Every structure is written in C-alpha cells, then in structure tokens.
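The values are calculated or read from the model by the stated rules, or taken from the named source; none is laboratory data. Please read all numbers here as calculations on a predicted model, not as lab measurements. Cβ atoms come from the backbone with ideal geometry, glycine included; neighbour counts cover every protein chain shown.
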Amino acid sequence: MKYTRKEFFIKTIQGAAVIAMPTLLTSVLESCNNNLNGPNSPGAALSNVQGTLANGNVTVNIDSSSPIAKTGTAALVNFSNGTVLVDHPSNNSFNALSSICTHQGCQINSYDSGNSQFVCNCHGSRFDVNGNVVQGPAGSPLQKYATQVLNNQLIIKVG
C-alpha cells in the first residue's frame, strides 16, 4: 500500500503520539504526587472527634479519653456545619484551623507530629499549627479560630 507524503506524515505523528502518551500521562500524574513520595512523609491520619455547634461555638469534651487530651496530639473535630483541625501544643493551649486546604479545597486529614504540621494528602501542602504555609502548592494560610478551655471542654469560636 502506497502512502502520499501527507498520509505518511500523519501516520508517523499518530504513531509517535501513541508511543509518547504513557510517558506524558505518567509525568502529569506524578507532578501532583511528588511531595507525597519524597523524604517528607504525608503524616498520620488524624483521629476524628465529635463537637457540638451552638451560637457560633463548637464545644469539644477534652477529658482523659479524648484523642486531643494529651499535649502533642491533634485531631479533626467534626460538627454539624463542617470540620476543624485542632492541635494541643501545651497545657490548656489549643490551636484550631480550617480543615480545607487553600490550594484546591481538599479536606486536610493528616498530621506530621514530628514536624508539628498538618498535611494535605491531595497535593502535599503543609501547614504549621498556626495555619501558615510551610510547603506549597498552597499559597495562602488556613483560617485560624479562637479557642478557650473551660471545665474540660474546648470551645472553638467558628462564627
């Protein structure tokens, strides 16, 4: 079967595209995973704690059975209107942050306790316990909420 120059050129380009496609696809998929496969581990999954929303405040019991009772711990606090990241860096001191990554809106659900950083498993963004970006691709900090401890309860002002 004879091909014209135009047909030969088109067939050659199509063949090259078919051969190159797996490499191109792998490259694109790995670009979002580079931060997860590097020396920085993605962190451990956060424990889930149930909170109660009333009058713009989320209340969480922090008795000895709570996953965030001990210093150095962190959890994902769930309540009727959403979730909040909480860590317990020192006695009666808690940080509360939005759990929505500022990069593409993924739910942050991991914590690297060795570096005290919240980790977004979607694209590898990392945030310190004050919500500041430590590693992108996120470019904006997480929203921080005021906290208060009263009678073994953590109160997070979300509204």
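Just a few scattered comments:
- Residue check for GLY159: farther than 18 Å from SER47 by Cβ, small (Gly, Ala, Ser) and modelled with pLDDT of 90 or more: no
- Scanning region 108-159 for residues that are of a type in the set (Gly, Ala, Ser) and within 27 Å of ALA54 (Cα to Cα) turns up SER110, GLY131, ALA146, GLY159.
- Hits in region 123-149 (condition: within 11 Å of the chain's Cα centre (by Cα) and polar (S, T, N, Q)): SER125
- Residue list for region 126-159, filter: over 26 Å from ASN91 (Cβ atoms), assigned to a strand (DSSP E or B) and in contact with a helix residue (DSSP H, G or I) (Cβ under 9 Å, 6 or more places away or on another chain): GLN135
- Among the residues making up region 94-125, those that are of a type in the set (Val, Ile, Thr) and under 16 Å from TYR145 (Cβ atoms) are ILE100, THR102, ILE108.
- Among the residues of region 100-122, those identified as assigned to a loop (DSSP other than H, G, I, E, B) and within 8 Å of the chain's Cα centre (by Cα) are CYS101, CYS106, ILE108, ASN109, CYS120, ASN121, CYS122.
- Across region 61-70, the number of residues qualifying as exposed (fewer than 15 other Cβ atoms within 10 Å of the Cβ) and either at pLDDT 95 or above or under 21 Å from the mean Cα position of the chain (by Cα) (or both) comes to 0.
- Tally of residues being in contact (Cβ under 8 Å) with a residue 40 or more places away in the chain and either closer than 17 Å to LEU150 by Cβ or not assigned by TED's automatic domain parsing to the domain that holds GLN143 (or both) across region 56-92: 12
- Scanning region 128-154 for residues that are crowded, with 17+ Cβ neighbours inside 10 Å and within 27 Å of SER64 (Cα to Cα) gives ASP128, VAL129, GLY131, TYR145, THR147, LEU154.
- Filtered residues of region 77-91 (kept if surrounded by fewer than 22 Cβ atoms within 10 Å (Cβ to Cβ), of a type outside the set (Ser, Thr, Tyr) and assigned to a strand (DSSP E or B)): ASN78, PHE79, GLY82, PRO89
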